[in-house]
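Structure record follows, encoded as structure tokens.
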Amino acid sequence: QVHLVESGGGLVQTGGSLRLSCLVSGTIFSITGMGWFRQGLGDQRELVALTSNRGAITYAESVKGRFTILRDNAKSTLYLQMRSLKPEDTGVYYCGVQQASGWAWGQGTQVTVSS
């Protein structure tokens with residue numbers, strides 16, 4: 001079983017930056033991919049950035065050039081560096097890990113970008 005704890009969310013002005021962290025523990029050997037997702041109020045959860053065990057990285061078009069996903073295996077931590085934040089980036093950000101049995105999720109961290 002995998003346990004995920006996100007941190008780093010908060011309130012920031014348009015154009016600001018935040019770095020989210022996701023500490024991963026438990027049965028991590030079965031993980032095949034890790035990523036960040038977000039869910040705005042009334043919206044469905046959407047992919048923000050994804051990294052696979054093979055090193056492939058995928059970003060949502062809306063965050064390309066502004067967000068960077070980084071996986072630090074030594075610290076068992078997944079990061080999301082967010083720059084040039086916009087009000088439309090507001091939402092709850094979830095860390096997710098992909099295993100053969102499906103996805104596991106953290107509790108989420110709120111990011112609010114004021115205009």
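The values are calculated or read from the model by the stated rules, or taken from the named source; none is laboratory data. In this text the structure is predicted, and so the values were computed from the model without any measurement. Neighbour counts run over all protein chains shown; Cβ positions are idealised from the backbone, glycine included. Side chains are part of the model used for accessible areas, which takes the heavy atoms of the whole protein and leaves out ligands, DNA and RNA. Shrake-Rupley method; radii C 1.70, N 1.55, O 1.52, S 1.80 Å.
Applying the Karplus relation 6.51 cos²θ - 1.76 cosθ + 1.60 with θ = phi - 60° to the stretch 66-78 yields 3J(HN,Hα) values of 10, 10, 9, 9, 9, 10, 10, 5, 5, 9, 6, 10, 10 Hz, where x marks Gly and Pro.
Between residue 112 and residue 73, the C-beta separation translates, for a Förster distance of 35 Å, into a calculated FRET efficiency of about 0.70.
Per residue, how much accessible area does the chain have with a 1.4 Å probe, in Å²?
Values: 6270 Å² over 115 residues.
So the chain comes to 55 Å² accessible per residue, rounded to a whole number.
Under the convention that each Lys and Arg Cβ holds +1 and each Asp and Glu Cβ holds -1, the size of the dipole of the stretch 24-115 around its Cα centre is about 240 debye. The overall shape of the stretch 1-52, judged from the alpha-carbon gyration tensor, is prolate: a/c is not under 1.5, and a/b is greater than b/c.
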